[in-house]
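Since the structure comes first, as structure tokens, the remarks are kept for the end.
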Amino acid sequence: MRIKGIIAILTSLAILSSTDVYGHTMRGIGTYSESDGSNPGWIFNIDPKFSHSKNKKNDYRYKTEAMKNKYDTHFKAGIKLWGSLIEMNEKRFTSNVVTEGETEYSKKATAVAEIRGISLLKTNQHIKGWTITVNTSPEAITPFRTLSSYDRSIIMAHEIGHVYGLGDLEHNKHRGKLMFGSNVGTVTASDRLGMQVVTGAHKKHEKKSSDKYDKIRSKEHTRVCSCGLKVNEKHKFDKFGTYPSSNAKRSTLHTVKCGCGQTGKDKAHSYGGLFGIGVKVQYTQATAAEHNEIKKCKGCSYNNSVRKKHSTGGKFSDGKKVRYTRANANEHNEIKKCKGCNYEHSVRKKHRFDKKGKCKDCGFVK
């Protein structure tokens, strides 16, 4: 049975400062209006915006022993309806109170959740204390005492949702949900999802492949998390991205892409990649004075060719750095190998004869 005429409102919000730091934050997020198709089926408490519990643990006490005898069974039944999503324990000394009385802010409500002490640290808004009051006013539309045991547990579960940070839903499409304010329903999947967010069980709004994007700007985008919240974050581009073709100009920058579709320019080519034969540099002969020094980009495999002069000093297959061939009776050819391209550079030089008439270099005998 659904309970008609129940108005569960959030009242008397006292703002207090705090230096406590808790495990989850509400930075850089946004929500959709209830009527929006992207609304996840739950909302935060209206004021202060994004107020929420520091975790799923909460303490409570009854104002008097008489209150405990009167409401303990129903309150514990309300806790149970949330299952493992929350953990509430009765303690003797706590600022969280379950009581009864004529409510000042909503005389017609069956029960009211009053939140006190929101800690404002950066953009964290953690609820520091609360009171749930069962309305005993004769003006209450549906007095608590007239409800069935199950409906009383539903009312308590609804108010517990408030003290953890969930707000009243008002749009008709949310009828049947526990947090629907004027016609409280039962605990639904969207109620549970909201509770996971306000308690921090849904952590950091992890990125999933199913996530959608609401807005894309030059430096950041708004990602719609699987929990239904809009999360503002900077673009996260591919590690390597896409790259120009092998014949691209040397000055071409890599193009990277964020998951939202935004593209950007990455760093210029980073040389040091390996060719297929396992070397980082290749050479091709250009002229008698120069060769082409070719390096491969680590990311895109772009081949960058630079013209450089031959650097003699390379070794022949027999391990020698210089070879000689006879040219004529007065000269021989002195041949050196380039260190890079193995180009053989030949220079004509005069024989250097010893006392026996043999060239000290090439071995020619005159």
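The values are calculated or read from the model by the stated rules, or taken from the named source; none is laboratory data. These numbers were taken from a predicted model, which means no experiment stands behind them. Neighbour counts are summed over all protein chains in view; Cβ atoms, including those assigned to glycine, are modelled from backbone coordinates with ideal geometry. With ligands, DNA and RNA removed, areas are computed over all heavy atoms of the protein, side chains included. Shrake-Rupley method; radii C 1.70, N 1.55, O 1.52, S 1.80 Å.
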Exercise for the section: Would you mind checking which residues have amide H under 5 Å from Gly129's amide H? H placed 1.01 Å from N; only 5 or more apart, or other chain. Expected result: Arg116
Completion exercise
For the range 315-366, shape from the Cα gyration tensor axes a ≥ b ≥ c, cut at a/c of 1.5 then a/b versus b/c, turns out prolate
Handout entry: For the range 246-366, the fraction of alpha-carbon pairs in successive 5 Å shells from zero, as %
Key = 2, 10, 13, 13, 13, 10, 8, 7, 6, 5, 4, 3, 2, 1, 1, 0, 0
Completion exercise
With the 1.4 Å probe rolled over protein heavy atoms, the range 260-338 has an accessible area per residue in Å² of 60 Å²
Fill in the blank from the handout: Inter-part gap, Cα centre of the range 84-112 to Cα centre of the range 172-195, in whole angstrom, is 19 Å
Exercise for the section: Past 26 Å, Cα to Cα, is the threshold; run Lys57/Lys219; Lys56/Lys207; Lys70/Lys203; Lys49/Lys230; Lys76/Lys230; Lys128/Lys207 against it and keep the listed order. Expected result: Lys57/Lys219; Lys70/Lys203; Lys76/Lys230; Lys128/Lys207
Practice task
Sort 182-195, 159-172 for me by packing, meaning the mean count of neighbouring Cβ atoms within 10 Å per residue, highest on top.
Solution key: 159-172, 182-195
